[in-house]
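Read the structure below first, then the notes.
The values are calculated or read from the model by the stated rules, or taken from the named source; none is laboratory data. What you see is a predicted model, and the numbers here were worked out from it, not measured in a lab. Cβ sites come from the backbone with ideal geometry, for glycine too, and all protein chains shown count toward neighbours.
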């Protein structure tokens, strides 16, 4: 593997880690919010 | 109650329990002997190998026995429902901490000396010349280990997964103490003086102090319900 | 989405793009190590960001023990989690950098071992939180780990100065880094710090929602 292979590997893995973590956070937030909205639906509560 | 009075009371209580049952010391001695024999099986018959790895192996044995000793100090309290009583002790809970630390150090250093003697006996190491310098190293290393160990034994005493969590939390955190202690042990066993590499000694002293102070300050929060 | 989160997210995105361009294209290759040295633009910012994250954990842990308010604890928890992510990046970029430079992926160098230990300390922090049901108690226990862990971190960082090891000493601290390499490094560091702040806002949001759900389940 040449130097750019190692660079690609490092940057690629870092990108996967950061994007993966960010994505999982955003998705979990979305899921929680959907749950709160659903539960609040019948009671007319406002959920931010 | 004065912190030191409280610490002495706790220490006396623990030592009295130990003196009456001798459960801890007996188990620890038996366990240490077993470890020394296990090392022999793991490393094969060549003594040179054992001698070379002696400092690391010794500290490995100290850690294993120490972990058990730490967990036990709070298990006794929990089994007898005395954690609540300790929490209600009049005065600074830091005193309870200090008492437990001193008690833990006594038990652990005694076990360590037993391990070292057995080690020397079975692997034909001439430890007498190093003995006088080895004991302070053992004590200094043990103080740091017990300072955090007591804290985490108190934390994990409340938890279901305590057998796994105690080593998991404790071992990475005590590296700043274990590393200099095993390095100093290596020096001393090689016949050098303690001051041969003063930065290691300094490091060990600094972290002993840091861990003791932090343990003293945070222990009351750990005991809080 | 809140305005702070959006701003930080967009800022982090722009800075990361700028950092990538500077690190991969604009910066000249290192005189000794050649192109591979470009991994530094990931490796160094990520460990410095992890240091920042764990320092925030220390401050918030003390804050929580002194004040006892949930906000401190939530911030400490969030920062620890993000710090673990950045420590992981430090570890594997270091391994990938080590292979062409030292010839091995991993070596028992003091700095490497120390960083791996640091990773385990904060992994233990997160694990401790996950096994303690009561939030206040989990917070207090974790705060103790958070405070002690900080001193472990200092030990790890100083380890390179005290032991003669394979790992190169910090170029930034010694000032032995050329301006042409220094500027891309700073831009990448800034990108990572802003990214850290963005993750922190998301993690805090998540914690707030979790607590809202829990409160609702309890209160009906």
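Laid out as a table, the results:
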read-out	value
Qualifying residue in region B:145-163 (condition: surrounded by fewer than 18 Cβ atoms within 10 Å (Cβ to Cβ), under 17 Å from the mean Cα position of the chain (by Cα) and part of a helix (DSSP H, G or I))	yes
Some residue of region B:157-173 being closer than 19 Å to residue B:14 by Cα and modelled with pLDDT under 90	yes
Selected residue (only one of C:87, C:101 is over 28 Å from residue C:205 (Cα atoms), in a helix (DSSP H, G or I), in contact (Cβ under 8 Å) with a residue 12 or more places away in the chain and in contact with a helix residue (DSSP H, G or I) (Cβ under 7 Å, 6 or more places away or on another chain))	C:101
Residue that is farthest from residue B:153 (Cα to Cα) [pool: residues in region B:174-221 that are at pLDDT below 90 and facing chain C (nearest Cβ under 8 Å)]	B:199
Boolean, residue C:58 is within 11 Å of the chain's Cα centre (by Cα) and either over 30 Å from residue A:5 (Cβ atoms) or away from chain A (no Cβ under 14 Å) (or both)	no
Yes/no for residue B:117 being over 13 Å from the mean Cα position of the chain (by Cα), away from chain C (no Cβ under 14 Å) and assigned to a loop (DSSP other than H, G, I, E, B)	no
For residue B:225: the one exception among (1) over 17 Å from residue B:67 (Cα atoms); (2) at the interface with chain C (Cβ under 9 Å from one of its Cβ atoms); (3) touching a residue at least 12 places away in the same chain (Cβ under 8 Å); (4) part of a helix (DSSP H, G or I)	(4)
Hey, residue B:63 part of a helix (DSSP H, G or I), more than 26 Å from residue C:130 (Cβ to Cβ) and touching a residue at least 40 places away in the same chain (Cβ under 8 Å) or not	no
Considering residues of region B:191-209 that are surrounded by 19 or more Cβ atoms within 10 Å (Cβ to Cβ) and over 21 Å from residue B:132 (Cβ atoms) only, the residue nearest to the chain's Cα centre (by Cα)	B:207
Members of region C:142-155 found to be under 14 Å from the mean Cα position of the chain (by Cα), more than 8 Å from chain B (Cβ to nearest Cβ) and crowded, with 23+ Cβ neighbours inside 10 Å, listed by number	C:146, C:153
Checklist (1) within 12 Å of another protein chain (Cβ to nearest Cβ); (2) farther than 27 Å from residue B:178 by Cβ; (3) touching a residue at least 12 places away in the same chain (Cβ under 8 Å) applied to residue C:34, failing item	(3)
Given (1) farther than 18 Å from residue C:142 by Cα; (2) more than 10 Å from every other protein chain (Cβ to nearest Cβ), number of the condition residue C:39 does not satisfy	(2)
Test for residue C:159: is it in contact with a helix residue (DSSP H, G or I) (Cβ under 8 Å, 6 or more places away or on another chain), surrounded by 17 or more Cβ atoms within 10 Å (Cβ to Cβ) and either outside any helix (DSSP H, G or I) or modelled with pLDDT of 95 or more (or both)	no
Residue that is surrounded by 12 or more Cβ atoms within 10 Å (Cβ to Cβ) and either over 22 Å from residue B:167 (Cβ atoms) or within 18 Å of the chain's Cα centre (by Cα) (or both), where the choices are B:83, B:57	B:57
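For (1) surrounded by 18 or more Cβ atoms within 10 Å (Cβ to Cβ); (2) facing chain B (nearest Cβ under 8 Å), each residue gets a yes or a no:
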{"position": "C:85", "(1), (2)": "yes, no"}
{"position": "C:98", "(1), (2)": "yes, no"}
{"position": "C:104", "(1), (2)": "no, no"}
{"position": "C:119", "(1), (2)": "yes, no"}
{"position": "C:122", "(1), (2)": "yes, no"}
{"position": "C:135", "(1), (2)": "no, no"}
{"position": "C:140", "(1), (2)": "yes, yes"}
